[in-house]
Amino acid sequence: RAAALPGSHRIRGAASLTRWPPRGMPAPVDLSAALASFGDTWSPRVVARRNDYEVRVVKLDGELVWHRHDDTDELFLVLDGELTIQLRDGDVVLGPLDVYVVPRGVEHCPRAGAAVSAMLFEPKGTVNTGDAGGARTADLTELDDLN
Ligand code: NI
């Protein structure tokens, strides 16, 4: 039978395992559980790593700050709610399951209504406020152990 894990995922073929994951193997991450595990906004949590990239989830509320990332494009995948990416040339409005990439060097300022969550794909070490810094700059936080 499948190993018991939070969320809807199951590990098949693991009946003989008393511990999952085996050493060195990542466990699946249920994004609903991940998002339910924290409430603070503008404070991304790392849910997965891929090569030198981090997959982060974040809750957003209100406006961040105008900034740019000179060294990396920034990918937003909206999971819930409506997220506006303000650009100097106009706004891009994203809904659930919309994806948008802000190219490197392009100034942007995310603005969110209530209850917006998004996934970000960024190189390790990317700062949420880019070149701007300031009070909204978040320390990157690991996801709490959901198990
Ligand atoms: Ni940014």
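Remarks
- Net charge dipole size for region 97-147 [Lys, Arg +1 and Asp, Glu -1 on Cβ; Debye, nearest 20]: 240 debye
- What the Cβ-Cβ distance of A135 and S32 gives, at R0 = 22 Å and to the nearest 0.05, is a FRET efficiency of 0.15.
- Sparsely packed loop sites in region 51-86 (the chymotrypsin sites (Phe, Trp or Tyr not before Pro) outside DSSP H, G, I, E and B with at most 16 other Cβ atoms within 10 Å) comprise W66.
- Taking every C-alpha pair closer than 8 Å and separated by at least 6 residues, the mean separation divided by the residue count of region 64-103 gives a relative contact order of 44 percent.
No lab work stands behind these numbers, since they all come straight from the coordinates. What you see is a predicted model; the values in this text were computed from it and never measured. Methodologically, a virtual Cβ is constructed for each residue, glycine included, from the backbone with ideal geometry; neighbour enumeration extends over all protein chains shown.
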